[in-house]
Ligand code: MV4
């Protein structure tokens, strides 16, 4: 097992990883930017090193700075958390070259899944259902026009170097495709350094359901149930839950078998998530794979009774997977609400200083946060302040518990989206579980709708 892990992240996930290491008897190194010198994670780790100015491109994203911090502290592994360098194959390769274990999948998997068109092609070859669309990237505007005509509108253009909804364009008529293709290409080039696009039939009113998987370095893979993530706004998830409300046991079995085949087929190692879209007929299709621990991992931990961060560390250390392949059962129901520092009317990030903070407790309540009374939420990073995760025997119990928990949560000094969460939890469509990715459109003016870049 590792002796010392460097945590290449900040906020709640840095704390979550540091605490997991402490429980495993592993020493920890925190890194921080100048804006984070008083951050909670800095004070919890055994050592802390400043890696640069506030801007993440000058600190948390700067490979030489992170590697140097690991070298000078003699860390034998790096946990990248989510975001920042977590899915960066180049960074994982540098770690390898420096004999520092990257706690995540090998560069081969990061490269494969980071290229969304290649991931799609590979999954199709493995016998995993994908949405009708292009084979790999589309060569030209003319090819896009021809293919869209064959598949039928609406279609969606996606940046192969993108993911998570960034760089997508929905195209509803042949007249729109030429402009959409060119602007998507330009934007993709600017944002991801590659103009490559792929095309899919656009599925209206889909459910976004993802499967947590884990794999060891000896070829063993396990599925750990699904998470329903259809409550999103501008591709930022707001609420996640497990199990997915209306999924039958039969459909779940089929989904787990498919995710197992997908992960096994590519020789997946460490933890990951395979994302699927369910159409209105209940058919599901692979859309992309995320090669990191995700923000919403506590939902799975709650219903599965596993510690996914500890699993990640053990798997990276070469341990064999100690989980059954596809028949691990979820127990009860878990819901997570992401509390963001944002203006409740404009939904713009609203950083600032928290001058008072209080969370209620009780059985089945988990709060993952790095916030404390007096802490600053800097404007340089994402606006996540806390994750509130509840467990109930049934979905109705979990919803009731979440409403009670949020009603007694006090965060003073900054504006948050707690009121929005309470509205969603009271919404009939959320409560009956029929909600789809179109759900949040109802809460916002028309200009805010749909996939934007
Ligand atoms: C789609 C889709 C419909 N059809 N692809 C968004 C996140 C990224 N992982 C994939 N996403 C989608 N891909 C096809 N072929 C719908 C989504 C989608 C979505 C689209 C518009 C507005 C909100 C959305 C929320 C979740 C998923």
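Each reported figure results from applying straightforward, stated rules to the coordinates on display, with no laboratory input. Given the structure is predicted, the values throughout are model-derived calculations rather than measurements. Neighbour counts run over all protein chains shown; Cβ positions are idealised from the backbone, glycine included.
Tabulated data
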| read-out | value |
| --- | --- |
| Translational diffusion coefficient (Stokes-Einstein; Kirkwood radius from C-alpha pairs) of the range 4-103 at 4 °C, 1.567 mPa s, in µm²/s | 100 |
| Gained length - residue 427 relative to residue 50, 0.36 nm times residue gap less alpha-carbon distance | 131.2 nm |
| Scattering curve values for the range 328-441, log₁₀ I(q)/I(0), Debye with Cα scatterers, q = 0.24 Å⁻¹ | -1.39 |
| Contour minus Cα-Cα distance for residue 353 and residue 307 (0.36 nm per residue) | 13.4 nm |
| Where labels lie 7 Å past Cα in the beta-carbon direction, separation of residue 175 and residue 71 in nm | 6.0 |
| Shape call, the range 132-201: gyration tensor on alpha carbons, a/c limit 1.5 | prolate |
| Zero-based 5 Å bins, Cα pair distances in the range 189-269, whole percents | 3, 12, 16, 16, 18, 19, 11, 4, 1 |
| Pairwise label distance in nanometres, residue 24 with residue 153, each label 7 Å out on the Cα-Cβ vector | 5.2 |
| Rule-of-thumb Rg ratio for the range 1-41 [Cα; 2.2 N^0.38 Å; N residues] | 1.13 |
| Expected 222 nm ellipticity per residue - DSSP helices of 4 or more, -39500 (n - 2.57), all of the chain, to 500 | -9500 deg cm²/dmol |
| Stretchable slack from residue 38 to residue 329, in nm (0.36 nm times residue separation minus alpha-carbon distance) | 100.7 nm |
| Centroid-to-centroid separation of the range 6-69 and the range 167-233 [C-alpha atoms, Å] | 30 |
| Distribution of pairwise C-alpha distances over the chain, 20 Å bins, in % | 25, 60, 15, 0 |
| Alpha-carbon centroid distance for the pair the range 72-120 / the range 297-316, whole angstrom | 19 |
| At R0 = 51 Å, FRET efficiency that the Cβ-Cβ distance of residue 217 and residue 281 yields, to 0.05 | 0.85 |
| Cα Rg, Dmax, the range 207-449, angstrom units | 18.2, 51 |
